[in-house]
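The values are calculated or read from the model by the stated rules, or taken from the named source; none is laboratory data. Please read these numbers as outputs of a predicted model, since none were measured by experiment. Neighbour counts run over all protein chains shown; Cβ positions are idealised from the backbone, glycine included.
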Amino acid sequence: MESTLTLQHFLLVSGILFAIGLAGVLARRNLLIIFMCLELMLSAANLSLVAFSRFGAENGLPDYDAQVMLFFIITVAAAEVAVGLAIIVALFRTRETTDVTQIDEMKF
Amino acid sequence: MIFFFYLFAALAVIGGLGVVLYKNPVTSAFSLILSFLGLAALFIQLDAYLVGILQILVYAGAVMVLFLFIIMLLDIDKEEHRKMGGFSATGGILVGVGFFALVILVLWKSGVGYEQGLPALVGKGDNGTSDVHEIGRLLFSKYWFPIQMVGILLLSATVGVVVLSRKHLK
């Protein structure tokens with residue numbers, strides 16, 4: 001039965017994208033790319049939410065609670081990106097760099 | 001149906017890999033747009049039309065334009081002294097592969113949703129309700145408090161950005 005789409009397919013894609021984002025956050029040194037990888041991880045979590053909403057359909061309707069949650073995640077992510085990029089710009093003004101290895105005053 | 005799933009899943013994963021692997025931040029940002037478009041297509045394949053469109057409008061549109069704007073503003077070059085195989089790169093790849101192995105292990109052990117295909121949607125479409133109607137109804141009835149909080153969050157984020165981007169941060 002390889003021809004039907006199952007919940008496993010979508011959860012697997014979601015897991016792959018989250019793993020890529022996690023590896024990127026740890027491996028890259030450019031602050032902006034780390035931030036992009038964070039967005040990728042948020043979207044990967046969104047995919048599993050939508051998949052559970054669709055496969056948990058009752059009475060012929062998908063579970064809309066999950067989609068409302070996704071709506072909130074998208075809104076919070078937009079606010080987070082705006083504030084995060086403003087902090088990065090402020091940091092670049094004082095330090096002239098976005099390399100995380102150059103910003104190590106608070107390193108233990 | 002399954003062909004389109006593999007097509008858009010591959011698009012999302014290749015875009016995600018591009019974000020991590022390309023050295024130039026602008027190329028990474030465009031890869032991320034590609035990945036978001038693939039994800040939005042998967043949402044629409046799961047009959048979640050509203051959030052699929054929101055994903056394109058908010059993520060691939062607004063958020064990524066903001067990212068590109070900041071990249072151009074800061075005029076960041078490629079990572080200059082980049083030596084692959086450093087401690088952080090090895091650690092990142094190890095953690096990523098470990099997490100992926102964990103996901104596969106959990107999916108395999110749980111056996112959730114192996115044989116079940118997509119359940120039929122009968123209450124949606126021409127004679128039923130729509131995504132926008134149902135989500136809107138929930139937002140203004142069951143989730144009335146969270147949506148007020150999100151409004152306050154957006155307001156404080158706007159004020160915070162204005163304060164943060166002043167010329168002389170005291």
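Taking the listed residues B:Leu153, B:Leu139, the one that is within 22 Å of the chain's Cα centre (by Cα), hydrophobic (A, V, I, L, M, F, W, C), over 30 Å from A:Leu22 (Cα atoms) and at pLDDT 90 or above is B:Leu139, with no other qualifying. Regarding B:Tyr22, is this residue over 11 Å from the mean Cα position of the chain (by Cα), of a type in the set (Ser, Thr, Tyr) and within 9 Å of chain A (Cβ to nearest Cβ)? The answer is yes for B:Tyr22. Exactly one residue among A:Ala77, A:Ala23 is buried (at least 21 other Cβ atoms within 10 Å of the Cβ) and farther than 22 Å from B:Phe4 by Cα, and that residue is A:Ala23. For segment B:49-60, the set of residues classified as within 9 Å of chain A (Cβ to nearest Cβ), aliphatic (A, V, I, L, M) and under 12 Å from the mean Cα position of the chain (by Cα) consists of B:Val51, B:Leu54, B:Val58, listed by residue number.
For the structure I just gave you, tell me whether A:Thr4 is assigned to a loop (DSSP other than H, G, I, E, B), at the interface with another protein chain (Cβ under 7 Å from one of its Cβ atoms) and more than 12 Å from the chain's Cα centre (by Cα). Judged against the criteria, A:Thr4 is a match. Among the candidates B:Ala41, B:Ala89, B:Ala9, the residue that is in contact with a His (Cβ under 9 Å, 6 or more places away or on another chain) and surrounded by 15 or more Cβ atoms within 10 Å (Cβ to Cβ) is uniquely B:Ala9. Exactly one residue among B:Leu32, B:Leu46, B:Leu11, B:Leu37 is within 8 Å of chain A (Cβ to nearest Cβ) and within 15 Å of the chain's Cα centre (by Cα), and that residue is B:Leu32. Would you confirm, using the coordinates I've provided, whether A:Met41 is surrounded by fewer than 24 Cβ atoms within 10 Å (Cβ to Cβ) and assigned to a helix (DSSP H, G or I)? Here the answer is yes, as A:Met41 does meet what is asked. Is it the case that A:Leu85 is under 22 Å from B:Gly16 (Cα atoms), within 7 Å of chain B (Cβ to nearest Cβ) and in contact (Cβ under 8 Å) with a residue 24 or more places away in the chain? The answer is yes for A:Leu85.
Here A:Val50 meets the list (1) more than 16 Å from the chain's Cα centre (by Cα); (2) within 7 Å of another protein chain (Cβ to nearest Cβ) almost entirely, failing just condition (1). Within segment A:55-68, if we keep just the residues that are buried (at least 19 other Cβ atoms within 10 Å of the Cβ) and free of Cβ contacts under 8 Å to residues at least 40 places away in the same chain, the residue that is farthest from the other protein chains (Cβ to nearest Cβ) turns out to be A:Ala66. Residues of segment B:127-164 that are within 8 Å of chain A (Cβ to nearest Cβ), part of a helix (DSSP H, G or I) and within 22 Å of B:Asp47 (Cβ to Cβ): B:Asp131, B:Glu134, B:Ile135, B:Leu138, B:Leu139. Considering only residues in segment A:17-37 that are part of a helix (DSSP H, G or I) and more than 12 Å from the chain's Cα centre (by Cα), the one that is farthest from the other protein chains (Cβ to nearest Cβ) turns out to be A:Leu31. The set of residues in segment A:89-103 being part of a helix (DSSP H, G or I) and buried (at least 18 other Cβ atoms within 10 Å of the Cβ) consists of A:Phe92 alone.
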